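One structure below.
The values are calculated or read from the model by the stated rules, or taken from the named source; none is laboratory data. Computed from a prediction, not measured in an experiment: that's the story for all the values here. Note that we place each Cβ from the backbone using ideal geometry, even for glycine, and neighbour counts take in every protein chain shown.
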Amino acid sequence: MKEERITQSPSWSDLRGQVMKTPDDVAEMLRLKACGWGLKRIARQLGCSHHTVKGYVAAGGVKPFKSPERTKLLDGLEDWLRERFIRHRGNADVVRQDLLAEQGVAVSRRTLQRAVQPYRQAIKAEALATTRFETPPGRQLQIDFGERLVEIGGVKSKAFVFVATLGHSRRLHVRAFRAEKQEHWFAGLESAFTTFGGVPEEVLMDNPRALVVRHDAVSRSVQFNEKLIAFAKHWGFRPRACAPYRARTKGKTESGVGYVKKNAIAGHSFASWEAFEGHLAKWEREVANVRTHGTTGEAPIGRFARDEAHRLKPLGGRSSFGLLRELIRVVGNDCAVEIDTNSYSVPWRLIGERVAVTVAAGEVHIRHGVREVAVHKQSEGRRLRIVDPAHLDGVAGRDGAVCRAAIAVSTVPTSTPPPSLLRPLAEYEAAIGGSF
């Protein structure tokens, strides 16, 4: 039988120099084999080894290339890598450092990133997972700031929008500011309290530097700014901070900020800042609080009037916290600092030292460094001496007793106060426990 002349298709070689046959060549091998050709005859016809033909015929077609199995440095460490990767919240570089220190395995950062790629989804799912909770009426107010460029007077201006959302009714309050400083947080809160006609039990916030000094992610201990503590005491609420990197726990306001940006601001321009503020107030009143809320199925203003308004703490005629003052004073030889003509005592060992004084909410707080050394009720009188007897312990000497009676009653105003270093001798006699 005359051999068929076959037009050979081009073949190629892989990186190892092995001859790879095209799919057409392989199909021709199978066809000729079906016609009864032998392996060597097919090999001669196609110009390849009969072992190559044998392999393709045995496989029944094209054989996929398979890289040889190689041992990897991270084999067997999958569970350890997953645990560390989740512990370090997806920081591959920190995991790489632990790998070298604890397992003695040194790999490149890229190698480790490829190894932990399957675990990133678990981190992402954990970050997105939230449990919706409903707060009782009057329990919680959530606050946040959002930043947005707004066209005002034909010029793009940066606006900082304060959004406060009552947890139960979802009633919103919105204010616009030109910056996001501590004073603006306080002004926004006071505006919300006034608008709602009351104060909730607690205020939940993120961790803004203006309000939170430190928040430990492990122990969950929170150190609030002293002004915030005084502000909360003044208005009668309890401050709370979200867990670090978990702002989604403050979801009502997070979504509220986005709602304000997209619904109240986007696509609008304003002739002046006052017009912008007026637009937000109207939008809050006529749109945000009268719409049917997607979660509750009710208008926030109706739900507020029915369930929440009477559960807020009444304002009680409180004045604005804006009267807060911070002062620096030097402790005088009389163991006191002077504020508004009145003298407030501090521990006598601080004579000559500089102290920080905060006057707020009817109280005078005195700090030396980071330590609070004295707290007094703010006096409404003039030229009075407000003394804590404990501040004079030890003035008469280590073993001498201190007579405090005369000092305690020395708060009676005088028509012409003597200079601090030229007081009546009776006071000095009382301080040392006897006459000269």
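Here are some notes:
- Number of positions in the stretch 259-276 that are among the hydroxyl-bearing types (Ser, Thr, Tyr) and within 14 Å of Val155 (Cα to Cα): 2
- The residues on offer are Arg285, Arg291, and the sole one that is part of a loop (DSSP other than H, G, I, E, B), more than 13 Å from Val161 (Cβ to Cβ) and either in contact with a helix residue (DSSP H, G or I) (Cβ under 8 Å, 6 or more places away or on another chain) or at pLDDT 90 or above (or both) is Arg291.
- The residues of the stretch 237-266 that are among the aliphatic types (A, V, I, L, M) and at pLDDT 75 or above, listed by number, are Ala241, Ala243, Val257, Val260, Ala264, Ile265, Ala266.
- Some residue of the stretch 184-207 being free of Cβ contacts under 8 Å to residues at least 12 places away in the same chain and surrounded by fewer than 18 Cβ atoms within 10 Å (Cβ to Cβ): no
- Look at (1) among the β-branched types (Val, Ile, Thr); (2) part of a loop (DSSP other than H, G, I, E, B); (3) more than 60 Å from the chain's Cα centre (by Cα) and you find that Val57 fails only one, number (2).
- Criterion: surrounded by fewer than 17 Cβ atoms within 10 Å (Cβ to Cβ), within 30 Å of Phe237 (Cβ to Cβ) and in contact with a strand residue (DSSP E or B) (Cβ under 6 Å, 6 or more places away or on another chain) - qualifying residue of Val370, Val364, Val375, Val355: Val375
- Any hit, the stretch 267-280, residues being modelled with pLDDT under 90 and within 26 Å of the chain's Cα centre (by Cα): no
- Condition check for Asp216: acidic (Asp, Glu) and buried (at least 20 other Cβ atoms within 10 Å of the Cβ): no
- Every pair of residues 6+ apart whose Cβ atoms lie under 9 Å, when the first sits in the stretch 310-329 and is surrounded by fewer than 11 Cβ atoms within 10 Å (Cβ to Cβ) while the second is part of a loop (DSSP other than H, G, I, E, B) and not hydrophobic (A, V, I, L, M, F, W, C): Gly316/Gly236
- Sole residue being within 30 Å of Gln121 (Cβ to Cβ) and modelled with pLDDT of 85 or more, chosen from Ser67, Ser108, Ser49: Ser108
- Selection status of Arg148, under 21 Å from the mean Cα position of the chain (by Cα) and part of a strand (DSSP E or B): yes
- Among the candidates Lys156, Lys227, the residue that is farther than 30 Å from Gly294 by Cβ, basic (Lys, Arg), assigned by TED's automatic domain parsing to the domain that holds Lys261 and crowded, with 17+ Cβ neighbours inside 10 Å is uniquely Lys227.
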